[in-house]
1. Under 8 Å between Cβ atoms, at least 6 apart or on separate chains: pull out the pairs that start in region 1-15 with a residue that is in a loop (DSSP other than H, G, I, E, B) and end on any residue that is of a type in the set (S, T, N, Q) and surrounded by 24 or more Cβ atoms within 10 Å (Cβ to Cβ).
2. Here are some residues: GLU231, GLU221, GLU192, GLU184. Which one is charged (D, E, K, R), open to solvent by less than 20 Å² (accessible area, probe 1.4 Å) and not in a strand (DSSP E or B)?
3. In region 149-162, what residues are of a type in the set (Gly, Ala, Ser) and surrounded by fewer than 22 Cβ atoms within 10 Å (Cβ to Cβ)?
4. Checking LEU271 against (1) more than 21 Å from ILE207 (Cα to Cα); (2) open to solvent by 20 Å² or more (accessible area, probe 1.4 Å); (3) touching a strand residue (DSSP E or B) at 6+ places or on another chain (Cβ under 9 Å): exactly one of these is not met. Which one?
5. Anything in region 126-147 that is in a helix (DSSP H, G or I), touching a residue at least 60 places away in the same chain (Cβ under 8 Å) and open to solvent by 10 Å² or more (accessible area, probe 1.4 Å)? List them, or say none.
6. Hey, can you tell me all the residues within region 12-41 that are crowded, with 24+ Cβ neighbours inside 10 Å and at pLDDT below 95?
7. Mind checking which residues of region 137-157 are polar (S, T, N, Q) and within 20 Å of LYS215 (Cβ to Cβ)?
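The values are calculated or read from the model by the stated rules, or taken from the named source; none is laboratory data. Quantities reported herein were computed from a predicted structural model and do not represent experimental measurements. Neighbour counts are summed over all protein chains in view; Cβ atoms, including those assigned to glycine, are modelled from backbone coordinates with ideal geometry. The area values use the complete protein model at the heavy-atom level, side chains included, leaving out ligands, DNA and RNA. Shrake-Rupley method; radii C 1.70, N 1.55, O 1.52, S 1.80 Å.
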Amino acid sequence: MKRISLLGATGSIGTQTLDVIRKHPKHFSVKSMSVGRNIDLALQQVHEFAPALLSVQSKEDYDKLIHNVPKETKVVYGTDGLVEVATTPDSDILVNAVLGSVGLSPTLAAIQAGKTIAIANKETLVTAGHIVTDAASRHNVSLIPVDSEHSAIFQALNGENINEVDRLILTASGGSFRDRSRDELEGVTVSEALNHPNWSMGAKITIDSATMMNKGLEVIEAHWLFNIPYEKIDVVLHKESIIHSMVEYIDGSVIAQLGTPDMRVPIQYALTYPERFDSISNERLHLWEIGSLHFKKLDMDRFRCMRFAYEAGKAGGTMPTVLNAANEIAVACFLEGRISFLEIEHVIEKALEEHTVINQPTLEEIIKVDAETRAFIHSTIK
């Protein structure tokens, strides 16, 4: 039985991870978890999965929960709580499904503790990819991708020689506004942006999909996960989300991973690797029912956040940290109605233009740049 620590249990990836564990109770158990602000759901999860350790975001949440959880469950909170969950002594795998750069510290702590990392928190690699991958190498720890695109690449590379890869091809649905021109994005609403055509995801990731920043962050993540230069990472629009990504080899062969758009599939593979378990869903891929698959070249003038991501990734150093921090604040402000959809791009661009890159930054420098970027963005948005 594999013993799981789960960061972000009440989020989209977290709840689907628990679906997988629920499907295979003889193979998985939850030893520790962290939750967000959905306290009612958190209580349901704690009573169902009986973790020995639970972390909540704040002292206020701690006070709400402490008298309602089983006495066998220890409750902690804050950043220290996340680290305690991530390093639970009797767990084997950390599933990092929290949103944002908050996932960085607990991931590094789990690596130092020798845990296998199933990583769904792309911001961890975006903000500090050189530190995380170096730590994983030194501690002989596996980083197993959970994102459907990176899981697809991971599977397409299985048994192959990485030196024979010509390029990685990430697929992108195009998000909520894939069929709209830039002019048609003026005045779009939050509810429109949250209406993703293919995937069921949290609000922040859905907005990132609409701006294509989600795919930009995935490009940076792929660079670190697979040690592939940015010049060999492409993105193609594929609205059906059936081909999750592809690897092209030097002989011209292209290996693709296909499946229905269900995040529980790559989550389960990350937990069972190198084995495969029975499907968690009864829905199977029948290509004859789909009929046609469509592909389109990515226009970086239409999706400017993709261009920002490539430029930040190639610049390296602290530039991806700025990209991620500025995007997190800009998306939050859009969801709160404080800026328009297109202003998300303007906010990010301004932060990147104002920043002087620090090469090979330390963790302390990354944390400082992250905080400074957030403060700068807040100062520019009234």
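1. Here the result reads GLY8/SER34; GLY8/ASN96; GLY8/ASN121; ALA9/THR17; ALA9/SER34, each pair linking region 1-15 to a residue that is of a type in the set (S, T, N, Q) and surrounded by 24 or more Cβ atoms within 10 Å (Cβ to Cβ).
2. Numbers: GLU231 fails: open to solvent by less than 20 Å² (accessible area, probe 1.4 Å); GLU192 fails: open to solvent by less than 20 Å² (accessible area, probe 1.4 Å); GLU184 fails: open to solvent by less than 20 Å² (accessible area, probe 1.4 Å).
Result of the check over GLU231, GLU221, GLU192, GLU184: GLU221.
3. GLY159
4. So the condition that LEU271 fails would be (2).
5. Across region 126-147, the qualifying residues are HIS130, ILE131, THR133.
6. ILE13
7. Once the filter is applied, which keeps residues that are polar (S, T, N, Q) and within 20 Å of LYS215 (Cβ to Cβ), region 137-157 yields SER148, SER151, GLN155.
Here's the yes/no breakdown for (1) part of a helix (DSSP H, G or I); (2) within 30 Å of THR15 (Cα to Cα); (3) touching a Lys or Arg at 6+ places or on another chain (Cβ under 9 Å):
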| site | (1), (2), (3) |
| --- | --- |
| ALA309 | yes, yes, yes |
| ALA312 | yes, no, no |
| LEU323 | yes, yes, no |
| GLU345 | yes, no, yes |
| GLN360 | no, no, no |
| ILE367 | yes, yes, no |
| ALA371 | yes, yes, no |
